[in-house]
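The block underneath contains the structure these notes are about, expressed in structure tokens.
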Amino acid sequence: MTQDRPIVIGAGLAGLMTALHLAPMPVLVLARAPLGEAAASAWAQGGVAAAVGPDDDPARHLQDTLAAGDGLCDAAIAARILGAAPDTIAALLRRGVAFDRAGDGRFALGLEAAHSRHRILHAAGDGTGAEIMRALIAAVRRTPSITVLEHTEARRLLVEDGRIRGVLVAGPHGAMTLPAGRVVLASGGIGGLFAHTTNPPQAWGQGLLLAARAGAALADLEFVQFHPTALATGTDPLPLISEAVRGEGALLIDETGSRFLADSPGAELGPRDVVARGIFRHLAAGHQVFLDARQALGDRFAKRFPAIAAACRDAGLDPATQPIPVTPAAHFHMGGVAVDAVGRSSVAGLWACGETASTGLHGANRLASNSLLEAATCACWVAGDVAATPAVRLRPLAEGRLPPLPDPAVVRPILWRHVGLLRDAEGLRAALRALLPLAAGGGPASDPATLGLMLAVAALRREESRGAHARSDFPTHGAGRARRLTLNLAEAMQAAAGLADPVVLRA
């Protein structure tokens, strides 16, 4: 029989924190690239939200989170995660994370959209994610119980009798089957499914696809957050211009210098979905949109936001003297693998953590900087439950047939056009018609198209506009629709096959 060593799929913040919390239990971490590369965590600029200021408390943080979530947050889960935030910050400090401090030694707390208090902790200015990953990678390398397989990608979860039995991976030496009765998915989000994204291009939702093919339920797939301000340079992916820049007073203007969102709720610091759609509509009307930090920051820009300043310089821009061209881009997924309070999915032996999971914290629209907090906090609870779950006796598994290397290239324009910032039934059904043959084709586009198809079905089922999900044919909240929706792969494929009959696609 084979040792039942837990496997963590993904080496970002959620995956590494889970592995560290499992120590000294032996654990195997699968990383598609060398540690620190291809993980969205390292790209995070905004910071970690936590009620640690003298004028703040978890109740206020919860109130802001519930308001942003637009009626779909799980209030109990949100209260638990936000209440644990000070302990999570303390845990990150113990791991060696150096958060920015003010002159008096206290945390230098920033403000972001829809927060009622300054509660965003940063590190290295706009390099928060990189600093956290630096510290965690060093901690992982010091921990002998953690084995990291770099350049190794999970392609399928192996299931027998309704529970996880192993992982089929592609590594430097080809296909390999790893027996395991306990697997944690921590592989990030789905931004790479869209033509314009701030995420690493490899982050197209592999963890969700693995879970779906294993029979797990997914939740709230329709809620994709499009960041309002990506640097409009035409690169792929687009560099992010953190919301913290607007928190410092930068303004959104068009080519005439007009603040076209000045009269909308919150103006530049309104909810992300409102700001993103406002920019999208203004661009669609033929305007250009810029983020103007000249008055608010000027020569201080490069010191406060060194990474953003460097990205601007690479594009031939000086944010101290020039407005920055911006556009919305796919940024964060509120949906994911449906999990309970300790990260368990609907499949025995399978957990999810971080952006891959749908915990109920974010609801219909994530509050800024709650994502790093969620990943770091839930990793502790996931690890505790994995450790408390008895190991199973595993038999060696036969080598499985490796599916093709996934390539979302043909899927990305379909999702951007039809499942993007503004949706309607006609466009969503057009997406299904385009995605269905790709999903069934078995080629490189099959896995990304299958997940894209599930997103489109979920968006069709939610016949209302709520949070980040905007339907032009259902522009208001629907009566009785303030509930989370789950979907499995079989249901999605059946619905897609019946797309010619809209009735089939209703919840």
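Coordinate-derived values only; no laboratory data. No experiment lies behind these values; they were computed from the predicted model shown. With ideal geometry, Cβ positions are generated from the backbone for all residues, glycine too; neighbour counts draw on all protein chains shown.
Nearest 20 debye, what's the magnitude of the dipole of the chain about its Cα centre given +1 on Lys and Arg Cβ and -1 on Asp and Glu Cβ?
Details: 47 positive and 46 negative charges, 199 e Å.
Dipole of the chain, to the nearest 20 debye: 960 debye.
With the dipole of the chain worked out from charges on the C-beta (+1 for Lys and Arg, -1 for Asp and Glu) around the Cα centre, which of 135, 91, 390 lies farthest toward the positive end?
Positive-end residue among those listed: 390.
Provide the net charge surrounding residue 60, with neighbours chosen by a C-beta distance below 15 Å and charges set as Lys +1, Arg +1, Asp -1, Glu -1. Before the final figure, lay out the partial values.
Details: positive: 117, 119; negative: 55, 56, 57, 64, 112.
Value of the local net charge: -3.
Give me the dipole magnitude in Debye, nearest 20, for the stretch 227-328 about the Cα centre, with unit charges on the beta carbon: positive for Lys and Arg, negative for Asp and Glu.
Details: 10 positive and 12 negative charges, 34 e Å.
Dipole about the Cα centre, nearest 20: 160 debye.
Go through 127-139, 403-415, 247-259 and give me the packing order, highest mean Cβ count within 10 Å leading. Can you show the working numbers first?
Numbers: 127-139: 21.8, 403-415: 19.2, 247-259: 16.5.
The packing order, highest mean first, is 127-139, 403-415, 247-259.
Full extension from residue 55 to residue 387: what is 0.36 nm times the residue separation minus their Cα-Cα distance, to one decimal in nm? If you can, show how the numbers build up before the last one.
Details: separation 332, 0.36 × 332 = 119.52 nm, distance 3.75 nm.
Contour length minus the Cα-Cα distance gives 115.8 nm.
What order do you get for 457, 337, 159, 184 when you list them from fewest to most C-beta neighbours inside 10 Å? Walk me through the numbers before you get to the answer.
On the way: 457 25, 337 28, 159 18, 184 33.
By the 10 Å Cβ count, ascending, the order reads 159, 457, 337, 184.
Kindly identify the chain as rounded, prolate or oblate by the Cα gyration tensor criterion: order the square roots of the eigenvalues as a ≥ b ≥ c, call it rounded if a/c is under 1.5, otherwise compare a/b with b/c, prolate if a/b is larger, else oblate. Provide the component values of the computation, followed by the final result.
Numbers: a/c = 1.62, a/b = 1.19, b/c = 1.36.
Judged from the Cα gyration tensor, the chain comes out oblate (a/c at least 1.5, b/c at or above a/b).
Provide the gained length on full extension for the span residue 141 to residue 322, in nm with one decimal, where the gain is 0.36 nm per separating residue minus the Cα-Cα distance.
Working: separation 181, 0.36 × 181 = 65.16 nm, distance 4.27 nm.
Extending this stretch completely gives an extra 60.9 nm.
Answer with one residue from 486, 418, 467: the one whose Cα lies farthest towards the positive end of the charge dipole of the stretch 403-505, charges on Cβ with Lys, Arg +1 and Asp, Glu -1.
Checking the options against the dipole of the stretch 403-505, the answer is 467.
Got a sec? How would 28, 231, 283 order by Cβ neighbour count within 10 Å, fewest to most? Intermediate results must be reported in sequence, preceding the final value.
Values: 28 19, 231 24, 283 16.
Least crowded to most crowded, the residues run 283, 28, 231.
Pull out a ≥ b ≥ c, the square roots of the eigenvalues of the alpha-carbon gyration tensor of the stretch 118-164, then state rounded if a/c is under 1.5, prolate if not and a/b is larger than b/c, and oblate in the remaining case.
The shape class here is prolate.
Take each of the peptides 191-200, 117-126, average the number of other beta-carbon atoms within 10 Å over its residues, and list them starting from the highest. Please report the intermediate quantities before stating the final value.
Numbers: 191-200: 25.3, 117-126: 21.9.
Ranking the peptides 191-200, 117-126 by packing returns 191-200, 117-126.
Please name whichever of 17, 326, 364 sits farthest to the positive end of the charge dipole of the chain, dipole taken about the Cα centre and charges placed at Cβ: Lys and Arg +1, Asp and Glu -1.
Value: 17.
Give a residue-ordered list of calculated ³J(HN,Hα) values for the stretch 16-27 (Karplus: 6.51 cos²θ - 1.76 cosθ + 1.60, θ = phi - 60°; whole Hz; x for Gly, Pro).
5, 5, 4, 4, 5, 5, 6, 4, x, 5, x, 9
Taking amide H positions as placed in the peptide plane 1.01 Å from N, state which residues far from residue 471 in sequence (5 or more) or on other chains have amide H under 5 Å from it.
The list, which skips near neighbours in sequence, is 423, 465, 466.
Tell me, what ³J(HN,Hα) does each residue in the stretch 182-193 have, in order and in whole Hz, if you take phi through Karplus 6.51 cos²θ - 1.76 cosθ + 1.60 with θ = phi - 60° and put x for Gly and Pro?
The phi angles translate into 9, 10, 10, 8, 9, 9, x, x, 10, x, x, 6 Hz.
Neighbouring Cβ atoms within 10 Å as the yardstick, rank 353, 73, 378 fewest first.
On the way: 353 36, 73 27, 378 30.
Taking fewest neighbouring Cβ atoms as first place, the list is 73, 378, 353.
Rounded, prolate or oblate: pick one for the stretch 367-507, where a ≥ b ≥ c are the square roots of the eigenvalues of its C-alpha gyration tensor, a/c under 1.5 means rounded, and failing that, prolate if a/b is larger than b/c, else oblate.
Working: a/c = 1.99, a/b = 1.27, b/c = 1.56.
Oblate, since a/c reaches 1.5 and b/c is not below a/b.
Count the DSSP beta bridges whose two residues both fall in the chain, then state the antiparallel fraction as a percent rounded to the nearest 5. Display every interim value, and only then the final one.
Numbers: 39 of 57 bridges.
Percent antiparallel among DSSP bridges in the chain is about 70.
Run lengths n ≥ 4 of DSSP H only: what is the helix-derived mean residue ellipticity at 222 nm for the chain, with -39500 (n - 2.57) per run over all residues, to the nearest 500?
Values: 15 runs with 160 residues, N = 507.
That calculation yields -9500 deg cm²/dmol at 222 nm.
Return the distance in nm (one decimal) between the two label points of a simple spin-label model at residue 402 and residue 256, each offset 7 Å from Cα along Cα→Cβ.
5.8
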